[in-house]
Amino acid sequence: MTYSVSVPMVGLAGWQFLKSTEARQKDAIAEAAPQKRDIAYFRDKMPTIQSVGEFVNDPRLMRIALGAFGLEGDALNRAFIERIITDGTSEPEALANRLADKTYLAFAEAFPISKLNGSDPLQSDELDAIISSYNTRRYESSVGVSSEDLRVALYLERGLSDLIASTANDETMYFRVLGDPPLRLAFETAFGLPGTFASIDIDQQAETLANAVSRRFGTSSLAQFEEQEQRDRLIQLFLVRASVPETSSKSIAAQTALALLTS
């Protein structure tokens, strides 16, 4: 039996409810029987993998591996995923480096070919990190059934943490925001950027977004969102803007969030 996250309200009230029940509801998702079986299989099977082909052709492994990065929509694109892995990440021309969506780069880094040829399998701590990410994504997905805006807000909170932990400079961080569809959606919505924003030069997009952050928060540095208070302000701004009828009618948030999160 699967567990569905309880979301009795949406918007800011829904966010407050989710945060107060998050630990309990995350545990319930992770302890659901189907999930436990898949995770146990993933943990036992991964150390025995002898080739990339064996890995990508195992649907149960792919369910966890792709799900941990929100890439479950690529479950049937086995040749594409195999190419992502075999190209690696060290060369500029590698497919993962050339794709605008850097989620594929993160996936390639988590599953390097050296870890899938039987000689140096993923270690317990590496498997734990992937499984933890999978459980988090499953929780967010379940929230999205009731409120796509709340799902994006959860992604924004996690995405900011990952972004800051990367210790990249601000310029790189802004480009990463623009290259991450749901994170980009959250920022565009929070700062009321128009639909034409995506059509301008990418450098101008980064500059425009930085200026918008600076006007609202007093500084353009994304490192400020390491502070919980600043992070909460940004999430609240997103949820308020996403709930405005004009915003929703343009499909900036509610109507497009699920498609972006599962593309």
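Summary table below
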{"quantity": "Single residue of region 158-176 satisfying the filter (under 11 Å from F225 (Cβ atoms) and buried (at least 20 other Cβ atoms within 10 Å of the Cβ)) that is farthest from the chain's Cα centre (by Cα)", "calculated": "M173"}
{"quantity": "Residue selected from region 27-50 under the condition of a type in the set (G, A, S) and surrounded by 13 or more Cβ atoms within 10 Å (Cβ to Cβ), by the criterion farthest from S119 (Cα to Cα)", "calculated": "A28"}
{"quantity": "Qualifying residue in region 43-60 (condition: assigned to a helix (DSSP H, G or I), hydrophobic (A, V, I, L, M, F, W, C) and within 25 Å of R151 (Cβ to Cβ))", "calculated": "no"}
{"quantity": "A186 under 27 Å from L99 (Cβ atoms), at pLDDT 85 or above and surrounded by fewer than 20 Cβ atoms within 10 Å (Cβ to Cβ)", "calculated": "no"}
{"quantity": "Qualifying residues in region 214-225 (those that are surrounded by 11 or more Cβ atoms within 10 Å (Cβ to Cβ) and free of Cβ contacts under 8 Å to residues at least 24 places away in the same chain) - the one nearest to T167 (Cα to Cα)", "calculated": "Q224"}
{"quantity": "Close pairs from region 1-22: first at pLDDT 85 or above, partner in a loop (DSSP other than H, G, I, E, B) and among the hydrophobic types (A, V, I, L, M, F, W, C), Cβ under 7 Å, at least 6 apart", "calculated": "G14/V7; F17/M9; L18/V7"}
{"quantity": "Subset of region 49-80 [in contact (Cβ under 8 Å) with a residue 24 or more places away in the chain and basic (K, R)]", "calculated": "R63"}
{"quantity": "Residue satisfying condition, being without any contact (Cβ under 8 Å) to a residue 12 or more places away in the chain, in a loop (DSSP other than H, G, I, E, B) and among the hydroxyl-bearing types (S, T, Y), within set T172, T196, T167", "calculated": "T167"}
{"quantity": "Any hit, region 237-250, residues being more than 23 Å from L18 (Cβ to Cβ), at pLDDT 85 or above and not in a helix (DSSP H, G or I)", "calculated": "no"}
{"quantity": "Pair list, Cβ < 8 Å and 6+ apart or interchain, from region 97-119 residues that are under 15 Å from V56 (Cα atoms) and not assigned by TED's automatic domain parsing to the domain that holds D87 to residues that are crowded, with 17+ Cβ neighbours inside 10 Å and of a type outside the set (V, I, T)", "calculated": "none"}
{"quantity": "Pairs with Cβ under 7 Å, 6+ apart, first in region 226-243 and free of Cβ contacts under 8 Å to residues at least 40 places away in the same chain, second in a helix (DSSP H, G or I) and aromatic (F, W, Y)", "calculated": "Q230/F217"}
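The values are calculated or read from the model by the stated rules, or taken from the named source; none is laboratory data. What you are looking at is a predicted structure, and each value in this text was computed from that prediction instead of being measured. Heads up, the Cβs are rebuilt from the backbone with ideal geometry, glycines too, and the neighbour counts pull from every protein chain shown.
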